[in-house]
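Trainee: Mind having a look at this structure? Questions to follow.
Quick note: the coordinates plus some simple rules give every number you see, no bench work behind them. Note that this is a predicted model, so its numbers are computed, not measured. Quick reminder, even Gly has a Cβ in these numbers, built from the backbone with ideal geometry, and neighbours come from all protein chains shown.
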Amino acid sequence: MGLLKRLFGASDRGTAPQLYAGIVARGRAPHWYTEGGVPDTIDGRFDMIAAVLSLVLLRLEGEAEAKAPSTALAECFIDDMDGQLREIGIGDVVVGKHMGRMMGMVGGRLGAYRAGLAGEGLRAALVRNLYRGQAPADAALAHVETELLALRDSLAATPTATIIAGELPQ
């Protein structure tokens, strides 16, 4: 198997798959969809996973030792989304187009959440990116904002090496 990986260029992503699995599990936690009012749809789940992924990538941003692991984490996301698109029946001809659009969406979310965390607040970014412009009830929006800020704080308090090792804070 190692020979096949070397021949076909599959890279060793270290602990990134473990970290990505934790991100997906966190993004699929039921409270986002019940208390938070995030639509429990394919788009809603993508948006929630992208929000959690964005917070992790923003935490690792600027950390020299996290550059390669962050890249590997993004590659795990790309592989997962490619597989998900194919599973729902998107054909080879248009997968690349969908992937480009999805990566653009994640890039936009990174910028929106970065700005929101820097002082503008997350509410506008959440309504635009997580709820796709349809503001939920105030209690639902407050729940998601509070939980994401708590995750951001937990990530900030977690050593970079721990996150790179594939562990998300509880």
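Trainee: Along the charge dipole of the chain, which of GLY27, PHE46, PRO169 sits closest to the positive end, that is, farthest toward it, with unit charges on the beta carbon of Lys, Arg, Asp and Glu (+1, +1, -1, -1)?
Mentor: Farthest towards the positive pole: PHE46.
Trainee: Rounded to the nearest 500, what is the chain's calculated 222 nm mean residue ellipticity when only DSSP H runs of at least 4 contribute -39500 (n - 2.57) each, over all residues?
Mentor: -22500 deg cm²/dmol
Trainee: Then there is this: With the contact rule set at Cα under 8 Å and sequence spacing of 6 or more, what percent relative contact order holds for the chain?
Mentor: Reported relative contact order: 36 percent.
Trainee: Take every Cα-Cα distance within the chain, group them into 10 Å bins from 0 onward, and report for each bin the whole-number percent of pairs it holds.
Mentor: Over the chain, the share of Cα pairs per 10 Å bin runs 10, 37, 36, 14, 3, 0 percent.
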